[in-house]
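A short write-up of the structure that comes next.
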Amino acid sequence: MAMVCLTDFEEYAKEHLSKATWDYYAAGADECCTRDDNLLAYKRIRLRPRILRDVSVSDTRTTVQGTEISFPVGIAPTAFHCLAWHEGEVATARATEALNTCYITSTYSTCSVEEIVAAAPNGYRWFQLYVYRDRKLSEQIVHRVEGLGYKALVLTVDVPYTGKRRNDIRNQFKLPPHLKVKNFDGVFQQETAGPEEYGIPANTLDPSISWKDIHWLQSITRLPVIIKGILTKEDAELAVEHGVQGIIVSNHGGRQLDGGPASIDALSEIVDTVQGRIEVYVDGGIRTGSDVLKALALGAKCVFIGRPAVWGLAYKGEEGVREVLQILNDEFRLSMALSGCRNVAEINRNLIQFSKL
């Protein structure tokens, strides 16, 4: 069967992954209201196409943090790619390198940061970071990725505690014995007898993390710091004041606080607050090229996809991720042209309106 859209990959993954693995990737917190609204919110946004604009030539290139990428879609940090495909993050890294876009590697990778760099040495990568109670763990991984040529740190700030994902609890989800959180291989051996949460000992994350820790992070690295998980103008202003280089507007795919806003609904107030002082990105709910166009029209510099990348892996590994990205690229280019935009710079808020329904 030809894979025509991202929904085709989703249906394939649901059919071919184990129930526990599918439930893990699909999970939202509590009643999944926010997870589902991430998708529905895009459908409430309408495009206002301009016509007779000579769209015979179109250019989807853009820059993030000063680096040119082929189109404004990157891979969001998602854990445990080896659950979907045996090569895991190595395959994802090769696919994003081939399409010349940004891959945010998850702390919770089932391949190590070294393996990922070796597989795709010319890829453009950022590293997603959590802050641990043992700060030395965080420091060590920061120094590792900086030495390996990662270009930014993406500090995830919406997980002082893990959201309640009901199906993971019902399934008693655990990584299978042959897989590990590779970046911490051997680190937690003394604690293997205790309770575990998503591959590492429970209560490892530091819930006391606060704005002062941004300065701590900046003191141990020269890499730009991007904050992932901001949903309000108040926190966006604080992010700018604390000298970060970017914000990813994100509700963690609806996996953390249920009842918060859809990411795309939170984007406008954050863009308006930031006023171009730092770059703003968004993730959550992007399924079509027109979704990408809508996000850019609302002020996002780039969007990041999570679950669709995993569906691509489940379908055909590296080739599947490439297909997912290529479909989004082609759809984005077509949506741009049909809306009268010849390049990314021509996309602006005049292009959209919100549905009255």
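The values are calculated or read from the model by the stated rules, or taken from the named source; none is laboratory data. Please read these numbers as outputs of a predicted model, since none were measured by experiment. Here Cβ is always computed from backbone atoms with ideal geometry, including for glycine, and neighbour counts include all displayed protein chains. Only protein heavy atoms, including side chains, enter the accessible area calculation; ligands, DNA and RNA are left aside. Shrake-Rupley method; radii C 1.70, N 1.55, O 1.52, S 1.80 Å.
Things to note:
- Some residue of the stretch 62-71 being buried (at least 22 other Cβ atoms within 10 Å of the Cβ) and farther than 23 Å from residue 154 by Cα: no
- Of note, residue 41 satisfies the criterion of being surrounded by 16 or more Cβ atoms within 10 Å (Cβ to Cβ), touching a Gly at 6+ places or on another chain (Cβ under 7 Å) and of a type in the set (Gly, Ala, Ser).
- Residue in the stretch 204-216 that is over 15 Å from the mean Cα position of the chain (by Cα), closer than 30 Å to residue 349 by Cβ and touching a residue at least 40 places away in the same chain (Cβ under 8 Å) present: yes
- Boolean, residue 58 is open to solvent by less than 50 Å² (accessible area, probe 1.4 Å), among the polar types (S, T, N, Q) and more than 24 Å from residue 117 (Cβ to Cβ): yes
- Meets criteria (over 28 Å from residue 336 (Cβ atoms), open to solvent by 10 Å² or more (accessible area, probe 1.4 Å) and either in contact with a strand residue (DSSP E or B) (Cβ under 9 Å, 6 or more places away or on another chain) or not basic (Lys, Arg) (or both)) for residue 86: yes
- Every condition in (1) open to solvent by 20 Å² or more (accessible area, probe 1.4 Å); (2) over 29 Å from residue 278 (Cβ atoms) holds for residue 35 except the one numbered (2).
- Residue ID - most open to solvent (accessible area, probe 1.4 Å), chosen from residues in the stretch 72-83 that are within 22 Å of residue 301 (Cβ to Cβ) and touching a helix residue (DSSP H, G or I) at 6+ places or on another chain (Cβ under 8 Å): 78
- Residue list for the stretch 214-225, filter: in contact with a helix residue (DSSP H, G or I) (Cβ under 9 Å, 6 or more places away or on another chain) and not polar (S, T, N, Q): 214, 216, 217, 220, 222, 223, 225
- Test: residue 93 is buried (at least 23 other Cβ atoms within 10 Å of the Cβ), aliphatic (A, V, I, L, M) and modelled with pLDDT of 95 or more: yes
- Against the criterion of being in contact with an Asp or Glu (Cβ under 6 Å, 6 or more places away or on another chain) and not in a loop (DSSP other than H, G, I, E, B), residue 118 does not qualify.
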